[in-house]
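What follows is a single structure, written as structure tokens, with notes after it.
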Amino acid sequence: MAGSGQKLWTKGFVLAIITNLFLSMVFYLLMTSMALYAVEEFAASDSAGGFASGSFVIGALLARVFAGKFLDFVGRRRLLIVSLAVFVVAALLYIPADSLALLLTVRIIHGAAFGAASTSLSASVMGLIPINRRGEGTGYFGISTTLATAVGPFLAVMLVDSVSYRALFLVTTACAAVALVLSLVLRLPERTPTPEEQKNKWRMHLTDIIDPGALSIASVMFIAGAAYAGVLSFLNSYAQSEGLVLGASLFFVVYAAVVLVSRLFVGRIQDRHGDNAVIYPTLVSFAAGLALLAYAPNNAVLAVAGIFLGFGFGALMPCAQAIAVSMAPAHRIGLATSTFFILMDAGIGVGPLLLGMLLPVTGYHGMYWVLAAVVLASTVLYHFVHGRKNVRPGTPVDPKLGVPAA
């Protein structure tokens with residue numbers, strides 16, 4: 001585990017950031033185009049097209065359940081390389097997949113490989129970050145995902161409109177291959193399971209799948225993920241119905257820029273002043289951004305909403321991940337990481353389904369007002385599950401309970 005005297009910007013840390021960039025690029029290249037591809041290529045219904053997009057998340061969730069448990073038994077670097085090899089093959093299989101059933105199969109396999117690889121990489125990179133700079137380091141690592149959020153959807157639209165879906169799948173495969181090549185030269189800190197862990201290797205109690213220490217902050221991220229899904233899944237449709245297409249385009253540019261800037265300083269504030277100094281402001285900012293989307297009378301207001309959502313959800317995610325890892329003892333960091341992403345991914349996966357049922361009742365404006373209220377209310381949840389402790393990253397953790405040591 002990284003110590004307080006260790007450097008942050010090492011070769012391994014930089015390679016991990018770049019690997020995560022290409023890993024995340026694949027996710028965003030396909031997530032924004034797969035529903036339309038299923039409808040156009042296989043005459044799928046809108047709901048089936050949505051499932052073609054979301055089935056990737058289902059595969060990722062299944063893989064995270066087991067990756068967190070067996071990460072240190074398999075070996076972190078070994079799991080990363082093997083899962084990325086499957087990731088490359090699955091990316092290439094989109095081209096010959098000639099039916100909706102085959103497409104869904106590829107999506108689930110591809111998602112599972114993504115879930116295993118991202119869990120291994122996200123958990124392992126924590127060992128490359130000094131404990132007293134965990135908030136800052138996690139924020140820098142998350143910048144790679146932010147860049148993918150900005151570049152991936154834009155590149156996907158350009159490739160599909162100007163070239164073809166085949167070109168999109170080839171670019172996706174190339175990105176996956178780059179991640180695989182980088183993983184071959186990336187050295188990750190390994191941890192040998194204790195005799196007690198070896199003894200319970202095949203035990204699958206709930207605590208072997210979900211880390212209780214990470215569950216508290218992960219529950220907040222479940223709500224945040226569901227709310228963010230309302231932006232990812234419905235903003236373009238909302239903008240078209242309201243004649244605010246320009247505002248929607250500006251929104252994503254502004255969002256990515258604010259996330260990029262915020263991650264340069266929010267982690268430092270968390271390390272110096274504690275978790276509450278960043279989590280409360282980001283949740284309030286997130287709610288304000290959703291309220292602006294609900295109000296949005298013109299393109300300018302829609303674009304401004306990107307500022308609040310960028311500082312809200314964009315800065316919230318790495319800070320919350322740092323909390324999840326800090327609440328776990330060293331031997332459960334992999335499990336804490338998978339717990340964090342399982343709940344956040346579940347929120348992103350379930351969100352569109354629930355919001356799709358809400359839309360006929362509330363309309364787009366009402367839906368975003370509801371989401372703004374729910375996110376604002378999540379500050380109360382955060383207070384009770386973690387905020388009242390105001391724990392700083394690096395606080396000693398009880399190795400058995402996974403909570404701050406007295």
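FYI, it's all coordinate maths here, none of it is from the lab. In this text, all values refer to a predicted model and were calculated from it rather than measured experimentally.
Kirkwood analysis of the range 100-189, using all unique Cα-Cα pairs, places the hydrodynamic radius at 15.4 Å.
Largest mean-square fluctuation among S144, S378, S241, in a Gaussian network model of the chain whose springs join Cα atoms under 10 Å apart, belongs to S241. For A377 and Q240, the difference between the fully extended length at 0.36 nm per residue and the C-alpha to C-alpha distance is 46.4 nm.
Convex hull volume per residue, computed on the Cα atoms of the range 11-190, equals 105 Å³. Cα-based radius of gyration for the range 206-391, normalised by 2.2 N^0.38 Å, reads 1.03.
At 0.36 nm per residue, and after removing the present C-alpha to C-alpha distance, how many nm does the segment from L264 to R78 gain when stretched out fully? Write down the numbers at each step before the final one.
Working: separation 186, 0.36 × 186 = 66.96 nm, distance 3.12 nm.
My answer for the length gained is 63.8 nm.
Overall shape of the range 268-333 was characterised from the C-alpha gyration tensor. The equivalent ellipsoid obtained from it has semi-axes of 30, 11, 8 Å, in decreasing order.
Based on alpha-carbon atoms only, what is the radius of gyration of the chain relative to the globular estimate 2.2 N^0.38 Å?
Details: Rg = 20.2 Å, N = 406, 2.2 N^0.38 = 21.6 Å.
Cα Rg divided by the expected 2.2 N^0.38 Å: 0.94.
Hydrophobic, long helices, defined as DSSP H runs whose alpha-carbon span along the helix axis is 15 Å or greater and whose mean Kyte-Doolittle value is at least 1.6, occur in the chain at 11-31, 76-92, 165-185, 245-262, 299-309. Here the gap between V253 and L62, fully extended at 0.36 nm per residue and compared with their Cα-Cα distance, gives a gain of 65.5 nm.
In the distance distribution for the range 212-287, Cα-Cα pairs more than 16 Å apart total 64 percent. Take the Cα coordinates of the range 87-134, assign each an equal point scatterer, and use the Debye formula without solvent to give log10 I(q)/I(0) at q = 0.18, 0.22, 0.27 Å⁻¹. Debye curve over Cα of the range 87-134, log10 I(q)/I(0) at q = 0.18, 0.22, 0.27 Å⁻¹: -0.60, -0.73, -0.91.
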